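Below is one structure, written out as structure tokens, with a few remarks after it.
The values are calculated or read from the model by the stated rules, or taken from the named source; none is laboratory data. Remember, it's a predicted structure, so these values are computed and weren't measured experimentally. Glycine gets a Cβ as well: all are built from the backbone with ideal geometry, and neighbour counts include every protein chain shown.
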Amino acid sequence: MLRDWRWVGILVLLGILAGGVLAAEGKASKRPMSLGRSELTKLSNGCLRYSGIAEDKRSVGAATCPSYHQRLSPEGYRGRAEESKKGAIDIAPLQGMERVQLFSVQPATPEPKFPHAWLAQAGESDEANQLFYEGVALFEQSTAESLQAAIEKFEAAIALYQAMGNHFGEGRARVVVGLVYDNLGFKAEALEQYATALNLWQTLAQQTTGDSQTISQSWQAITLNNIGAAHNARGEMQQALEFYSQALSLFRVIGDRGGEANSLNNIGFVYYVLGNQQQALEYYDQALPLFRAMDDRGGEATTLNNLGLVYHVLGQRRRALEFYNQALPLLRAVGDLSGAGNTLNNIGFAYSALGEKRQALEFYNQALPLLQAVGDRGGEARTLNNIAQIYDDRGEKQQALEFYNQALPLLKSVGDRAGEASTLNNIGFVYNALGENQRALEFYDQALSLVQAIGDRGGEADTVNNIGLAYSALGEQERALEFYNRSLSLYQTVGDRGGEAIALNNIGQIYDVLGEQQQALEHYNQALSLSRMVGDQAGEASILNNFSFVHVSLGEELRALEFLNRSLTLFQATGNLSGRVNTLGSLALLRYSQDQLPEALAHIQDAIALIEQLRSLTPPGELRQTYFATVQSYYQLYLDLLIELHQQDPNSGYDKIAFRISESSRARTLVEQLTEANLDIRQGVDPMLLTQEQDLIQKLNAAEQQRITLLQGSYSNVELEAVKTQIEQTLQDLEDVESRIRQVSPTYAQLQFPDPLTLEEVQDQILDEDTLLLEYALGNERSYLFLVSKTRLQIYVLPPKAEIEAAVEVYRNQLQDRNFTDLSQGQDLSELLLGQVAEQLDNKRLLVVSNGKLQLLPFGALPVPAGAVAHSESPLPPLLRRGTLQAAGIVTEFIATAISQNPLTKGVGAAGGIVQATPEKTQPNREAQPLLANHEIITLPSATSLAVQRRQWQSRPPASKTVAVIADPVFNTDDERFAGNRPAEPNNEQDLADLLGLRSGCNSFSRLLYTATEAQYILDLVPDAQEFSALGFAANHNAATDPALSQYQILHLATHGCIQDNPRLSGLALSFYDPNGNKAEQNRLNLQDIYNLELNAELVVLSACQTGIGEDVAGEGVVGLTSGFLYAGAKRVVVSLWNVNDAVTADLMSDYYRRMLESGNDPNQALWQAQLNLWNSDEFRAPFYWAAFTMQGEF
């Protein structure tokens, strides 16, 4: 036993708890619609997390997680007898979640005697000792600067000790400088110092006897312990275990009970991380009485905390709380603020796992300032992670992401890979909940690499489970099952009962989806027992919800109802909003299947109210848009209920509510964007954040330009994939920054977004006597058409979405054939969409609001439905066409494709009568006239979006000038506009469409000769002072983003369109070169540029290909260039739905502008007449030439 030299002090590593909640959705029989089942998700370090999966595979969840360990440090060292006592030195966290206290002890006896060869004379060591203690003083300050300075002091002392042959002084200094490197996160350097010190102490121990040998062995044991701790921090658990075990043996040899207790505690932690909880308990149970016997309250508190963690993992949360509550007063008594903060964090986690979220947040909020005050970055990170989990549980995804993103860099900075993996998992959960399943997978994959690298089998189980969840959400059930089975095996190996329940539930869910109900029940029963055993109320609620699906499938509806009611009660008790939404949806479906419509209505109304609350809490922009897409099935169910109730009781206003729900379920993000469009949401935002945004935009533009350059030359798949990966990552980073800007913007915080319009508001604010609104709502089981006039609402039932979209796809393909003129081929589709309302259309203006592939259908090219009055020729006098274009005759074989027809449609009139129609197949009719012949047609994202636009335009003075034209860019170096190149000439004997090409393409571009003709004709209609032109080389990025464009009422762009799967990458081609042949840095006007424009345009015309195409987002509609220009300040936008012919488009646009600027027609009527003019011509009668262009926006 050491009496004169003793090791004292303890390093406490208090850990993160991550866990989670489950949101569940259900389904009912009889009615074929289903909202989904529940899956449980799990996070690393033994923390629970649950997520629900909807029919569209939505996951909702949250998390918090534990990870505690204790590390032994050289905390007692003794200087020469004449050295005075030095006070306690609180060292900031060395790594992860650690805290060090370094004590020196007042010497009781003279310094032990070492051979003269190893210890210099006292006077000779004075300078080295002085440097050593100066290093200790800097170590005590614990700032980055002081720690670097401490290294210099220690290294200088080491050099002097080496010169004097003072191995004791050198060994001591190397151990302490190793701690400094450890503190700074330089684990390799720390291990190097420890290894050198270990050799010194081993040599000293072999060549000394008595107290000198004991002291050397003590330092040797301390060094072994610290080497174990460094490996521990690197996730190298087997190496850590090896060194901790060697330290334990030495401490026992020299009779150092304090060192023995700490080593036992550290070994217990390794087994905890490795998932061997019983072994961990054995070592902790040995350590605890030793600490108590020595009256080491800090060590006792650490072990109590670690015991609490083990019992938490074993599912005994109440017992875990008992240990935490014993530890907390001890840590406070010894002044260990970091330990107290981490224990408060763990108490919070225990309450969170028990479903007591409010209490959990109280403890987290007590923990955070303590950990920040002592500079415990690891503990701070874990607490931030756990606070994020609470917000995630509440559905406040924006707040959750903010806290997770604060935690992640802290965990990285302290080298805590287990904590980093947990937080990556949690971030993945948020994206999973918002429907961003691929992005969630990216975070899960990062987490999996980390937990596998550190040998954390519990964390691996969690992450593998979550990857299974993502694949299930993507519809890959067999692959999901593989991951769930892997996670189950891992959970059973590490003894994680809560995790085992999660995996069993998820496996049961897969079997239920696959129709194997008995297998599903077996797994659910096992999961339910385990979930109750560990006291997981949220998990129990989700499993009960899942039970209901099976019982419904088996026809046991009363049993299913019982499970759902119990599930709802538990979700309410735990404050889980997403879980409540899912179970309420399941209850609504079940009641609907039982024809208990009022009860079903009450449940779905409650669910929709919660969805609206959750949507408002989701980060604005794309994430909110994505989340809303995941919950569209609830709005569809709500519509079904309301319309059926209207049929039963036509005088109770259910039809009006149904119309408003239809409006509520579409274009919500666009409405919010239009509301903010006139405001500077960047005002008052941190300039560094705005700079970051601009840097990312430039990075994105450069990467996209690199992609185009690769595609235009020779490239390897590796090169192309690398650029695509960079683009995807930059897009994600940009999305995050833009969301953050909105979060912190004072202007955005004060915005009041408008509610969706009611029926009366639409009739009052939007419609006039000559205008009808046709609003389509496509659903999986049935679709609806809302016909709204100035005084009346009628609702018609249409076939399912799949049937309608299949017919649309066939007719769209026909319309894109330049030889197709037989509109009767679309008669069945016209009857399907318009047949029930044909007699009410008269010759009125039609506003069309649609969703799905209906948005890609030019309604004007549909044949007039039977029952409507059709004109044999256009009511508008044909106008002489300009130009000398002639079309060569082309003979192609055309084979019509049959369109499937629903044999029965059902209409619901205002008086409640049901109108049934059985349209018969129509025979081809060469005289079929387009709907355009009778109607001016405008498309809208929603009626509400137009109302918002009108409010925005009320305060705007009109632009002072007429038209700005940007056209005919220079794409290639062989262009005739470069000096010395030969002009290109058209050959009139060739087919013009083949010769002149289409205004399309993203990778290679040819000159569009007729855009120059088009531009010049438009400019000739306007006085010079009223126009702006940028043609040829001048049609560049600077011209297209010139702030002066806000002075013009019309902006016309004639060029190639480039439409990508990701709308942010879509754009319009601009000049690639300047007149000197230098490549332009930016040669496209992309969507990001468009959103940053400040226009005041009555009209924007995109005379290019496919400019009306974009990403079709459920609940939002087509997201693309149109929404960008509306946001930028366009009142209306003309776009195209397919690749358009250069020459004929130039002719169409010339006619269009003549009607506007010479004849005084408004933009909508002018387009209508110009298109009819082509239909009535001989050579360009085919809809291919004129039907692609549609008007969106104001009328």
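Taking (1) within 19 Å of N276 (Cα to Cα); (2) in contact with a Phe, Trp or Tyr (Cβ under 7 Å, 6 or more places away or on another chain); (3) of a type in the set (F, W, Y) in turn, W201 satisfies each apart from (1).
Against the numbered list (1) modelled with pLDDT under 85; (2) assigned to a loop (DSSP other than H, G, I, E, B); (3) not hydroxyl-bearing (S, T, Y), P650 comes up short only at (1). May I ask you to list the residues in region 732-782 that are among the charged types (D, E, K, R), under 23 Å from D640 (Cβ atoms) and modelled with pLDDT under 95? If the condition is that a residue be among the charged types (D, E, K, R), under 23 Å from D640 (Cβ atoms) and modelled with pLDDT under 95, then D755, E781, R782 are the ones that fit.
Can you tell me which of L290, L314, L309 is within 24 Å of Y491 (Cα to Cα), outside the structural domain of D536 (by TED's automatic domain parsing) and surrounded by fewer than 24 Cβ atoms within 10 Å (Cβ to Cβ)? Working first, answer last.
Numbers: L290 fails: within 24 Å of Y491 (Cα to Cα); L309 fails: surrounded by fewer than 24 Cβ atoms within 10 Å (Cβ to Cβ).
Result of the check over L290, L314, L309: L314.
Residues checked against (1) farther than 20 Å from E500 by Cβ; (2) modelled with pLDDT of 95 or more; (3) touching a helix residue (DSSP H, G or I) at 6+ places or on another chain (Cβ under 8 Å):
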| residue | (1), (2), (3) |
| --- | --- |
| N425 | no, no, yes |
| A440 | yes, no, yes |
| L450 | yes, no, yes |
| L469 | no, no, yes |
| F483 | no, yes, yes |
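Only residues that are touching a Gly at 6+ places or on another chain (Cβ under 8 Å), part of a helix (DSSP H, G or I) and among the small types (G, A, S) were counted in region 573-604, giving 5.
Per-residue answers, yes or no, for (1) of a type in the set (S, T, Y); (2) closer than 30 Å to N276 by Cα; (3) in a helix (DSSP H, G or I):
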| site | (1), (2), (3) |
| --- | --- |
| I158 | no, no, yes |
| E170 | no, no, yes |
| V177 | no, no, yes |
| L191 | no, yes, yes |
| Y194 | yes, yes, yes |
| S212 | yes, no, yes |
| L224 | no, yes, yes |
| V253 | no, yes, yes |
| E260 | no, yes, yes |
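Just one of the numbered conditions (1) in contact with a strand residue (DSSP E or B) (Cβ under 7 Å, 6 or more places away or on another chain); (2) farther than 21 Å from G395 by Cβ is not true of Y524: (1).
Taking the criterion of being closer than 23 Å to E663 by Cβ, surrounded by 17 or more Cβ atoms within 10 Å (Cβ to Cβ) and within 30 Å of the chain's Cα centre (by Cα), would at least one residue in region 828-836 satisfy it? Scanning region 828-836, I find no residue that is closer than 23 Å to E663 by Cβ, surrounded by 17 or more Cβ atoms within 10 Å (Cβ to Cβ) and within 30 Å of the chain's Cα centre (by Cα), so the answer is no. Within region 1152-1184, being under 22 Å from F820 (Cβ atoms) and in a helix (DSSP H, G or I) holds for L1167, W1168, A1170, Q1171, L1172, N1173, L1174, W1175, P1183, F1184. Applying the condition of being within 19 Å of A407 (Cβ to Cβ) and aliphatic (A, V, I, L, M) to region 449-477 and asking which residue is farthest from the chain's Cα centre (by Cα) yields I454.
Restricted to region 605-636, and to residues that are under 25 Å from S783 (Cβ atoms), in contact with a Gly (Cβ under 7 Å, 6 or more places away or on another chain) and among the hydrophobic types (A, V, I, L, M, F, W, C), which residue is surrounded by the fewest Cβ atoms within 10 Å (Cβ to Cβ)? Checking each candidate, the answer is A629. Is it the case that some residue within region 1068-1086 is closer than 30 Å to T675 by Cβ and either surrounded by fewer than 22 Cβ atoms within 10 Å (Cβ to Cβ) or without any contact (Cβ under 8 Å) to a residue 12 or more places away in the chain (or both)? Within region 1068-1086, one or more residues are closer than 30 Å to T675 by Cβ and either surrounded by fewer than 22 Cβ atoms within 10 Å (Cβ to Cβ) or without any contact (Cβ under 8 Å) to a residue 12 or more places away in the chain (or both).
Within region 943-955, can you find the residues that are touching a Gly at 6+ places or on another chain (Cβ under 8 Å) and either loosely packed, with under 13 Cβ neighbours inside 10 Å or at positive phi (or both)? Walk me through it before giving the result.
Keep residues of region 943-955 that are touching a Gly at 6+ places or on another chain (Cβ under 8 Å), which gives 946, 949.
Once the filter is applied, which keeps residues that are touching a Gly at 6+ places or on another chain (Cβ under 8 Å) and either loosely packed, with under 13 Cβ neighbours inside 10 Å or at positive phi (or both), region 943-955 yields nothing.
I want to confirm something. Restricting to region 658-683 and keeping residues that are of a type in the set (S, T, N, Q) and part of a helix (DSSP H, G or I), which single residue is nearest to the chain's Cα centre (by Cα)? Selected residue: T669. Filtered by the rule that a residue be charged (D, E, K, R) and part of a loop (DSSP other than H, G, I, E, B), region 684-696 gives a lone residue, D686.
Residues that are surrounded by fewer than 16 Cβ atoms within 10 Å (Cβ to Cβ) and free of Cβ contacts under 8 Å to residues at least 24 places away in the same chain within region 650-683 comprise S652, G653, listed in sequence order.
Going by the structure shown, is A501 in contact with a Phe, Trp or Tyr (Cβ under 9 Å, 6 or more places away or on another chain), surrounded by 19 or more Cβ atoms within 10 Å (Cβ to Cβ) and in contact (Cβ under 8 Å) with a residue 24 or more places away in the chain? Don't jump to the end; show me each part of the working.
Working: in contact with a Phe, Trp or Tyr (Cβ under 9 Å, 6 or more places away or on another chain): yes; surrounded by 19 or more Cβ atoms within 10 Å (Cβ to Cβ): yes; in contact (Cβ under 8 Å) with a residue 24 or more places away in the chain: yes.
Yes, satisfied.
Considering region 684-700, and only residues there that are β-branched (V, I, T) and more than 22 Å from the chain's Cα centre (by Cα), the residue that is surrounded by the fewest Cβ atoms within 10 Å (Cβ to Cβ) turns out to be T691. Consider region 487-498 and keep the residues that are among the hydroxyl-bearing types (S, T, Y) and crowded, with 24+ Cβ neighbours inside 10 Å. The one that is nearest to G535 (Cα to Cα) is Y491.
Could you look through region 525-551, keep only residues that are hydroxyl-bearing (S, T, Y) and within 14 Å of E500 (Cβ to Cβ), and pick out the one that is surrounded by the most Cβ atoms within 10 Å (Cβ to Cβ)? Ranking the candidates gives S531 first.
What residue, among those in region 956-971 that are modelled with pLDDT of 90 or more and surrounded by fewer than 22 Cβ atoms within 10 Å (Cβ to Cβ), is farthest from A1146 (Cα to Cα)?
Step one: list which residues in region 956-971 are modelled with pLDDT of 90 or more, which gives 957-971.
Next, only the ones that are surrounded by fewer than 22 Cβ atoms within 10 Å (Cβ to Cβ) stay: 957-962, 971.
Working: P957: 31, P958: 28, A959: 26, S960: 26, K961: 23, T962: 19, F971: 19 Å.
Per the criteria, the residue is P957.
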